[in-house]
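Colleague: The structure's right below; bear with me while I get my questions together.
The values are calculated or read from the model by the stated rules, or taken from the named source; none is laboratory data. Keep in mind it's a predicted model, so treat the numbers as computed, not measured. Reconstructed Cβ throughout: ideal geometry from the backbone, glycine too, with neighbour counts over all protein chains shown.
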Amino acid sequence: MSTHLVVMAGGSGTRFWPKSTSRNPKQLLAFEGLSELTLLQQTLDRFRPAVPSSQQWIVTTTLLGEAVSAQASGAQVLREPQGRNTAPCIYWAAREIEKIDPQGIMMVMPADHFMKDVPAFRSTVERAVAWASTHDDLVTLGIRPSRPETGYGYLKTGVEVAGGGPLRVDAFVEKPDLVRAEQFVKAGNYLWNGGMFVWKVSTILQEFDRLMPEMRAAWESSSGNLATAYPKMTATSIDFGIMERARSVVTFPLECGWDDLGSWTSVELLANEQGRSRAWGTALGGEVIAVESAGLVVDAPGRTIAALGVQDLIIVDSGKVILVADKSRAQDIKKLVDAVKASKPELA
């Protein structure tokens, strides 16, 4: 029974604009001070040598296909004709793997997450793979929360399953407000939903047939022709389409310094852990001369930023665009990207 890695790498990473753009999104970028490898390369590297390149599958967009291939030598690159959220891309990858290895195990991972403790991550994944190879559960990896986070969904966990140690997942919970997030952390039986999965190819396809039969109908009515089948597939997330309604979902909690790198402020936290904090803020790239300034996040490679009397700003120089944003609005940068698309689409 072979193990296959499926990496979802089609996102646009708008919260990291202008460093991340539609043609060069965050999964294809390296963040100075965190690693010399891009986020996609880090993701693939975590599974070597356990999963050979021939068993690595990367689902991305047609637009990003060449760039992804350049960073993932030997991997199978599946190019979506259009973005349809995570359920269609996982279904497609499962059907492709089924052709060559119908008894295989399938690990599904985002391309743009950061793991501080890679050995701990690998150990948990190995336990998940061992469980999935002998059980028909859908396995998800949840992250033990280190703070009350309102930007993530949560997994409500139940009893430990006999014989192997995973926890039952009783419910998938949408992003909470701060009061509920604090309650979740205090309760101790809630995990962050990291969007990482392990299962048999046969098991996930059976659940698709049971819960989203229109996927097989679209595929078979199109004789496997992707361009014809894909627009017919339901555009929804794997959580909403399958996981929230699946027969049996279990989780292995992760404790590995995980971060989804969802915004400039998340990179700030990781950079500070690695000693990149300064009196004026956080240095990601470039030189800063600051007077009476604090709480800045600066990524301006090759440039000198002079700051006077300013607080809590994100300052990013991409070479074509300079972003200046209030740090409290880090999650809203995608709104700015929408405005840029309307007036200067070549910069988005």
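Colleague: Would you check which residues across region 118-146 are more than 19 Å from the chain's Cα centre (by Cα) and not in a helix (DSSP H, G or I) and list them?
Modeller: Residues satisfying the conditions are His135, Asp136, Asp137.
Colleague: Out of Glu80, Glu96, Glu149, Glu66, which single residue is farther than 18 Å from Leu5 by Cα and modelled with pLDDT of 95 or more?
Modeller: Answer to the selection: Glu66.
Colleague: Taking Val249, is it among the aliphatic types (A, V, I, L, M), in the same structural domain as Val125 (by TED's automatic domain parsing) and touching a residue at least 60 places away in the same chain (Cβ under 8 Å)?
Modeller: yes
Colleague: Among Ile242, Ile238, Ile204, which is of a type in the set (A, V, I, L, M) and in contact with a Cys (Cβ under 9 Å, 6 or more places away or on another chain)?
Modeller: Ile238
Colleague: Among the residues in region 214-227, are any at pLDDT below 95, under 29 Å from Val129 (Cβ atoms), in a helix (DSSP H, G or I) and of a type in the set (A, V, I, L, M)?
Modeller: Within region 214-227, one or more residues are at pLDDT below 95, under 29 Å from Val129 (Cβ atoms), in a helix (DSSP H, G or I) and of a type in the set (A, V, I, L, M).
Colleague: Against the conditions (1) touching a residue at least 12 places away in the same chain (Cβ under 8 Å); (2) outside the structural domain of Gly195 (by TED's automatic domain parsing), where does Asn272 fall short? Just the number, please.
Modeller: Failing condition for Asn272: (1).
Colleague: Filter region 1-49 for residues that are of a type in the set (Lys, Arg) and in a helix (DSSP H, G or I); which is surrounded by the most Cβ atoms within 10 Å (Cβ to Cβ)?
Modeller: The residue in question is Lys26.
Colleague: Inside region 303-345, can you point out the residues that are in a strand (DSSP E or B) and more than 29 Å from the chain's Cα centre (by Cα)?
Modeller: Of everything in region 303-345, those that are in a strand (DSSP E or B) and more than 29 Å from the chain's Cα centre (by Cα) turn out to be Arg303, Thr304, Ile305, Ala306, Ala307, Leu308, Gln311.
Colleague: May I ask you to verify whether Glu66 is acidic (Asp, Glu) and over 26 Å from Val298 (Cα atoms)?
Modeller: Considered against the rule, which asks whether it is acidic (Asp, Glu) and over 26 Å from Val298 (Cα atoms), Glu66 comes out as yes.
Colleague: Continuing with the same structure: Scan region 157-174 for residues that are out of contact with any strand residue (DSSP E or B) (no Cβ under 8 Å at 6 or more places or on another chain) and surrounded by 13 or more Cβ atoms within 10 Å (Cβ to Cβ) and report the count.
Modeller: 1
Colleague: List the residue pairs whose Cβ atoms are under 9 Å apart, where the first residue sits in region 155-182 and is outside the structural domain of Ile143 (by TED's automatic domain parsing), the second is surrounded by 17 or more Cβ atoms within 10 Å (Cβ to Cβ) and outside any loop (DSSP other than H, G, I, E, B), and the two are 6 or more positions apart or on different chains.
Modeller: none
Colleague: Mind checking which pairs have a first residue in region 10-34 that is of a type in the set (A, V, I, L, M, F, W, C) and a second that is part of a loop (DSSP other than H, G, I, E, B), Cβ under 7 Å, 6 or more apart or different chains?
Modeller: Leu28/Thr38; Leu29/Lys19; Leu29/Ser20; Leu29/Thr38; Ala30/Glu36; Ala30/Leu37; Ala30/Thr38
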